[in-house]
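Each value in this text was obtained by applying a stated rule to the coordinates, not by laboratory testing. Treat the numbers as computed from the prediction; the structure is a model and nothing was measured. As a convention, Cβ positions derive from the backbone with ideal geometry for all residues, glycine included, and neighbour counts pool all protein chains shown.
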């Protein structure tokens with residue numbers, strides 16, 4: 001049985017974060033900055049600049065993400081932080097159906113999952129989601145939101161599931177609070 005450990009992202013774990021993000025999908029080009037920058041600003045940054053921005057993000061406290069380790073190897077990542085710290089969410093029209101005010105720092109958002117290809121289909125997204133909820137709760141979150149893909153409504157490749165799968169969120173107790181598009185619901189978990 002593999003040993004699984006999930007730890008907060010930090011500056012001293014940046015090499016681990018980098019390893020986790022570069023094992024398939026867009027993690028090694030986005031560097032989890034999609035929700036941090038306006039579209040024009042994201043497009044204007046280079047891969048190296050986005051990597052540097054992530055390094056700054058993970059140096060702050062509380063951690064803006066978590067890293068999952070399997071037998072000591074960093075193999076996955078989840079982005080979880082107060083929603084106001086992910087400003088592009090407020091600028092994305094489809095997410096305006098959220099019942100929560102966008103400027104409330106007690107509302108946290110889980111926006112990105114990355115699991116290296118060779119470690120997929122082992123339940124790590126579920127473990128990352130559970131750890132993200134615990135992390136948010138520990139740091140004062142009142143509500144945690146997610147923006148997953150409903151794989152019953154659309155076909156989705158493993159790489160396109162970086163938002164997470166609806167079934168994973170529902171299994172963790174999240175409830176759908178809005179459905180801006182047929183395949184992209186907004187889900188929420190009230191913590192207090």
Connecting every pair of Cα atoms under 10 Å apart in the chain and solving the GNM, the largest mean-square fluctuation among 13, 137, 155 falls on 155
Surface/4 estimate of mean projected area, convex hull on alpha-carbon atoms of the range 59-118, nm²: 5.5 nm²
Just from its helices, what would the mean residue ellipticity at 222 nm be for the chain, if runs of 4 or more DSSP H residues each count -39500 (n - 2.57) and the sum is divided by every residue, rounded to the nearest 500 deg cm²/dmol? -8000 deg cm²/dmol
Put in order of increasing Cβ neighbours within 10 Å, starting from the fewest, 64, 10, 160 give 160, 10, 64
Fewest-first ranking of 34, 108, using other Cβ atoms within 10 Å as the exposure measure: 34, 108
Where both partners of a DSSP beta bridge lie in the range 4-190, what percent of those bridges are antiparallel, to the nearest 5? 85 percent
Can you sort 186, 4, 110, 17 from fewest to most other Cβ atoms within 10 Å of each residue's own Cβ? 4, 186, 17, 110
Using the scaling law 2.2 N^0.38 Å as the reference, what is the normalised Cα Rg of the chain? 0.95
Report the far tail of the P(r) of the range 72-166, meaning the percent of Cα-Cα pairs longer than 22 Å. 31 percent
First check a/c for the range 117-159, with a ≥ b ≥ c the square roots of the eigenvalues of its C-alpha gyration tensor; if it is under 1.5, answer rounded, and if not, answer prolate when a/b is larger than b/c or oblate otherwise. oblate
